[in-house]
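The values are calculated or read from the model by the stated rules, or taken from the named source; none is laboratory data. Please read these numbers as outputs of a predicted model, since none were measured by experiment. Note: ideal-geometry Cβ built from the backbone for every residue, glycine included; neighbour counts use all protein chains shown. The protein model used for the area step is the full one, side chains on, heavy atoms only, and it has no ligands, DNA or RNA in it. Shrake-Rupley method; radii C 1.70, N 1.55, O 1.52, S 1.80 Å.
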Amino acid sequence: MLEGLDSTHRCYRFGPFRFDTCRQQLYRDEQPVKLPRRVARTLHLLLEHRGRDLDKNYLMGQLWPNTVVEENNLTVIISMLRKVLGDDLEHKKYILTNPGRGYRFVADVSEVGSDDQAGLASIPTPAAIAVGPAPATTAEHAPSTIAEHGATSRRVFPRFFPQRMSGAKVVLAIGLVALLALLGAREWSKRSVTQTIAVLPFRSVGAERDGYLGLGMADALVARLRSIRHVVVRPTTDVIKYQRAAYDPRALARDLHVSSLLDGMVQTSGDQVSIRVKLTRAEDGAILWSNEYHGRSADILTLQDRIAEQAARALALKLDSAEQESIHRHYASSTDAYLKYMAGRYYCGENDTERSLRQGIALFEEATAMDAQFALAQASLATCYEELADGVSDSRDWLVKAKVAAERALEIDWKLPEAHLARALAFAYYDWDFVSAEGAFRRSIDLQPEDPTTHLAYARFLITQSRIQEAEQEAKKGADLAPFSWDAYAAITEVYFFGHRYQQAAQRWERLGANGLDEGTWYLPWIYAAQGKSTPASDALLKAKETKARQAAITAELAYIRALQGMKAQAESYLQELAVYQQENDDYEIALVYAALGEQDRALELLASARDKRNREILYLNIDPRLESLRSDPRFTELLRSMHLLPE
């Protein structure tokens, strides 16, 4: 939320308009009106301060914080807003300019309660209109949910909650379907889009590499179609589970809440590749368009161009010159390098194991060695380094490599959003340069506003800066764009936890536990402790420990539970077990155990070590309620200052 704005979720009515402050959405006669992000923020500021002059410098500071911009930028924003509202040159019904003083909202405004009483308890998702309307959803007929459509969004380091799910992802994929049905998913937030589409992983026939080639084809088409205005494309991670599964297109489209599906088959034989593609309308399962493409593997980039352009035409989309250029843009000059890149995306995106991440890194490194100007491969390499840093005890070396790769990508292509995101993460979690990090996050969002990954990463960054209201907005935007994402679900829960809305946070994880999902019960001890509740031992945790998945993190969590229960001997026994997991241990998580045991010196020593190693969670130091017992210690204050989390 912008500084100076009331954080209460409310709506303002004026004339035929209604403005929802939480969604940052304007409606005219209850029909959504699309506003660019800064135009919506400007309207929010004017409404919040209606009847008063808002100084131009104040508005510019709110819209472009820490950035020097020309006053003409604000003039353009106001002009756009006036055009949307219907103000003309002669009669200013809504926005008055007071020369030398600023702008004033002059229309009569009434405040009404939000139409979204559930807030973020259910994850909002975009509506699908145009080619085939998405089915309406109600509490009685809730949509299928996060996990059924892929347990994770494309995760970007770091995350507060433990990140290695392994086998639990499968359980989560089943149980979360029931979860949001219980929560009751609210109607999809209305968006001014003409198409909502899912690109399914292409089925593979033939050579072994087709496994990644089919997924890579879908991933590439998602990136191309996302560059078209008035199109919302589901992230590849929302549909990855269908790569090897049979499905009914109409049922799948209803589940994903899309108006159309693009899917196909890819087959290679020697250096030849054949691709069959079809576009299906969700409403009745009619095939809107289909085609076959044949060529050499070296032609794969050209084939992707043709498929994207013809799919857009089949959707009756008129592309302007910029969109045409984006669809036909080739990031690689070498087909071999591009194929390595696609394989790298497969290994870095399919699962989170250290082995798969290292395989992905090796493939990206090969791609960049083949093509030194392959900026997208450099940016993906940086992201994969950051993912790996998220799962090791000492993150420094990997974060340094990520920063170098991100900066190399930007040297090649300054307009590459993925590179700005990777750089933002390096600024935040390695350099602790929060001003530069925020600028990079915003640059990435401006370049690719429909990418949920960036919104969710930015939300977590805002949490670390104690900017909970803004974090909630960004988490919600990410959930809008990736409605079936575990990452979006977790990010919103983190907002609740760090915003001291413990009951809401606990309810979300308790529902997971009620559905037999271990993940929920792993997090509840922290939330219960923040509420001052007793923390019973978790059978689910003990069972999970026996599976040998995520043993270091689970052992630390069990130690924490026993410490909270006052069972010091058992907590210390678990701490001794952690000596076996030197390469996996997270000093921050172990510090929490010592804080719960009341061993302040040891807890502070481990926090200092976590700082030096750049453990992923150390940036939550200033806001983590589990560390309240340490805050009065001058050494804790010095830790915060050393990371620039407190003013010098």
Q.
Quick check: net charge around Tyr12, other residues with Cβ under 10 Å of its Cβ, Lys/Arg +1 and Asp/Glu -1?
A. +1
Q | Counted charge near Ala424, where neighbours are those whose Cβ lies closer than 14 Å (Asp, Glu -1; Lys, Arg +1) | A | -4
**Q.** Nearest-10 value in Å² for the accessible area of Cys22, using the 1.4 Å probe
**A.** 30
**Q.** Exposure of Val233 as accessible area (Å², to 10), given a probe of 1.4 Å and all protein chains
**A.** 10
Q) Under a 1.4 angstrom probe, counting protein chains only, how are Tyr594, Tyr293 ranked by accessible area, largest first? A) Tyr594, Tyr293
Q | List His230, His420, ordered by accessible area with a 1.4 Å probe, largest first | A | His230, His420
Q: Starting from the residue with the highest accessible area, list Ser466, Ser260 in decreasing order, probe 1.4 Å.
A: Ser466, Ser260
Q) For the cross-link pairs Lys401/Lys613; Lys56/Lys92; Lys83/Lys318; Lys34/Lys93; Lys476/Lys613; Lys415/Lys476, which exceed 22 Å when the distance is taken from alpha carbon to alpha carbon? A) Lys83/Lys318; Lys476/Lys613; Lys415/Lys476
Q: Using only protein heavy atoms and a 1.4 Å probe, report how much of Met60 is accessible, in Å² to the nearest 10.
A: 30
Q | Column: log10 I(q)/I(0), Debye, Cα scatterers of the range 321-402, q = 0.19, 0.27 Å⁻¹ | A | -0.77, -1.19
Q: Calculate the translational D of the range 266-401 in whole µm² s⁻¹ from Stokes-Einstein, where the hydrodynamic radius comes from the Kirkwood formula applied to all Cα pairs, the temperature is 37 °C and the viscosity 0.692 mPa s.
A: 193
Q. Taking a ≥ b ≥ c as the square roots of the eigenvalues of the Cα gyration tensor of the range 355-482, is the shape rounded (a/c under 1.5), prolate (a/b larger than b/c) or oblate?
A. prolate
